[in-house]
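I have placed the structure first, in the form of structure tokens, so that the comments after it can refer back to it.
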Amino acid sequence: MNFNHDTVWKKCLNTIQQNVNAQSYKTWFEPVKPVKLAEQVLTIQVPNKFFYEWLEEHYVNLLKKAIRQELGDQARLEYQILIAKQSDEETKRSETKAPPKMVSSDQIKNPFVIPGIKKLKIDSQLNPQYLFQNFIEGDCNRLGRSAGLAVAKKPGGTAFNPLFIFGKVGLGKTHLAHAIGNDARVRNPDLAVLYVPAEKFTNQFIDSLKNNAVNDFVNFYQMIDVLIVDDIQFLANKQKTQDIFFHIFNQLHQGGKQLILTSDRPPKDLDGMEERLISRFKWGLSADLQAPDLETRMAIVGTRMDREGVALPPEVIEFISYNIKNNIRELEGVLISLVAQSSLNRREIDIDLAKDVIKNFVSEITKEVTVGLIQEMVADHYELTVEKLQGKTRKRSIVIARQLSMYLAKNLTNKSLKSIGDNFGGRDHSTVIYSCKAVRDLMDTDTIFKSSVQEIEKKIRMSVHD
Ligand code: ADP
Ligand code: MG
């Protein structure tokens, strides 16, 4: 057998994959490259130091187990940290970090300087409500959140510069960006922190062009220690603004200052953005915020309501969290309407009111349980794809999920055995009967399985309403 670093690592990955969820696997293990195998030492390459620290902190036991399984008890893992071209300069730079150039405040005309204060004071434009304390942590945001905390502790002093946070609308980019800024200021009140939406940056720049004050504009930005630019995708196709931003970015970065950028898409997908900017966006860490899983959504709803001083019955929290999946802002919208409706109409907040409110938010209301819905829910629960459920794989975990889907389809829909079989890649009715029996038998002997069946069944019922 060919026994090299690739094959060994591939086998380790098999073990790892079975022990972590799909999201973590994708984030932390897919980017790792095996590079060398010498005796019982496997060397793997990781993209940066943070990665290494994260793996060691969170997955050391799993890694140990996986590699020993392949290479025996003496097996060891070594890391090789990929050093980007710039990082030599970067470290040197942060060592020789010069104190910020002093520019006296009256030289600078800009919208943020509070007049009459000797020492340059910047109104940071931070929203004091957006804090780490109320930014609920989940698998969906762990990387961004912890990188954000690291940056807040040591602005300009980590490898995450820029910190590039991206994700779809309503998933917490703006909140996280403010939280970093707020936290950095608490730790060091003298820091010049500035939050600016890219749109505002653009308008300021255009104004400065009109008023012949581009120098003031640039000078102002060069004094910032932590610059947060929100929704950077707004600069797409704005050539001149991109040029000036490029200039400011370089100045700050070279001066060891921290940049934090948010975007609705990853750097590589920023069409209409100059290549040289995109390449700089990739210098530090890109962290994406994903849609939160059910537990995280429930935690967000719970804490949010606590803050409002409203107690929600647990089934209402569950119901809302089941139904609003892809957007936290929408989740909050539902809560606000719910509280408003309840006080306006003097109605108690219960599941019926929640159903009424949610109708205005969920465009496609599922009215009945379908085989497709069941497949989606089961696939979601087991972190599989629907294709796998319908397919031919004989892997035990998939077989069980497939049988369970058939069982649920039999119990929760009126579909015939034949039609259920058709929905699973044309299996015949006897397979469906067999599956139902297999599930019942397993439920009789395996209580953990039984409770997960009940959990899935509940989820399915929850996501259907009229
Ligand atoms: P984005 O900028 O990505 O569109 P926002 O930062 O504006 O999203 O977030 C939308 C709303 O959801 C905000 O009110 C924010 O406080 C809330 N939110 C987002 N993520 C979380 C989280 N992890 N915990 C608590 N609230 C969150
Ligand atoms: Mg935003």
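The values are calculated or read from the model by the stated rules, or taken from the named source; none is laboratory data. Because the structure is predicted, anything quoted here is derived from the model rather than measured. Here Cβ is always computed from backbone atoms with ideal geometry, including for glycine, and neighbour counts include all displayed protein chains. Quick note on the areas: whole protein, heavy atoms, side chains included, nothing else; ligands and nucleic acids left out. Shrake-Rupley method; radii C 1.70, N 1.55, O 1.52, S 1.80 Å.
Per the 1.4 Å probe, what fraction of the accessible area of the chain, in percent, lies on carbon and sulfur atoms?
49
In this simple spin-label approximation, E56 and F246 carry label points 7 Å from Cα along the Cα→Cβ vector, and these lie 3.8 nm apart. Ranked by the mean number of other Cβ atoms within 10 Å of their residues, highest first, the peptides 188-196, 141-149 fall in the order 141-149, 188-196.
Distance between the C-alpha centres of segment 271-343 and segment 215-241: 28 Å, rounded to the whole angstrom. For the pair segment 438-466 and segment 4-50, the centres of their Cα atoms are 34 angstrom apart. With all protein chains kept in place, the per residue accessible area of the chain amounts to 53 square angstrom at a probe of 1.4 angstrom. Projecting the Cα atoms of Q254, A287, L277 onto the dipole axis of segment 233-287, where Lys and Arg carry +1 and Asp and Glu carry -1 at the beta carbon, places Q254 farthest toward the positive end. Descending by average beta-carbon neighbour count within 10 Å, the peptides 153-165, 18-30 line up as 153-165, 18-30, the highest first.
Placing a label point 7 Å from the Cα of D190 along the Cα-to-Cβ direction, the residues of segment 219-261 whose backbone N falls under 14 Å from that point are 225. With a Förster radius of 41 Å applied to the beta-carbon distance between N219 and Q80, the computed FRET efficiency rounds to 0.45.
Can you list the GluC sites (Glu not before Pro) in segment 337-409 that are in a DSSP coil and have 15 or fewer other beta carbons within 10 angstrom?
Qualifying residues, ordered by number: E348, E364, E368, E383.
Among beta bridges identified by DSSP and lying wholly in the chain, the antiparallel ones come to about 20 percent. Ignoring aspartates and glutamates fewer than eight residues from K325 along the same chain, the ones with Cα atoms less than 13 angstrom from its Cα are D293, E295, E364, D380. Using heavy atoms of the protein chains and a probe of 1.4 Å, the accessible area assigned to D441 is about 70 Å².
What the phi angles of segment 264-271 give under the Karplus curve with 6.51, -1.76 and 1.60, with θ = phi - 60°, is a coupling list of 7, 8, x, x, 5, 9, 7, 5 Hz, glycine and proline written as x.
At full extension, R68 and K268 could sit 68.2 nm farther apart than now, given 0.36 nm per residue minus the alpha carbon distance. When you count the other C-beta atoms within 10 angstrom of each residue and take the mean per peptide, 5-17, 314-326 line up highest first as 314-326, 5-17. Can you work out the FRET efficiency for the pair E308 and V464, with r the C-beta to C-beta distance and R0 = 25 Å, to the nearest 0.05? Efficiency, rounded to the nearest 0.05: 0.35.
Nearest 0.05, what FRET efficiency do Q254 and V169 give at R0 = 35 Å with Cβ-Cβ as r? For Q254 and V169, the calculated efficiency is 0.60.
Checking every one of the GluC sites (Glu not before Pro) in segment 1-87 against DSSP loop status and a limit of 16 other Cβ atoms within 10 Å picks out E39. Classify the chain as rounded, prolate or oblate from the Cα gyration tensor: take a ≥ b ≥ c as the square roots of its eigenvalues, call it rounded if a/c is under 1.5, otherwise prolate when a/b beats b/c and oblate if not. Verdict is oblate for the chain.
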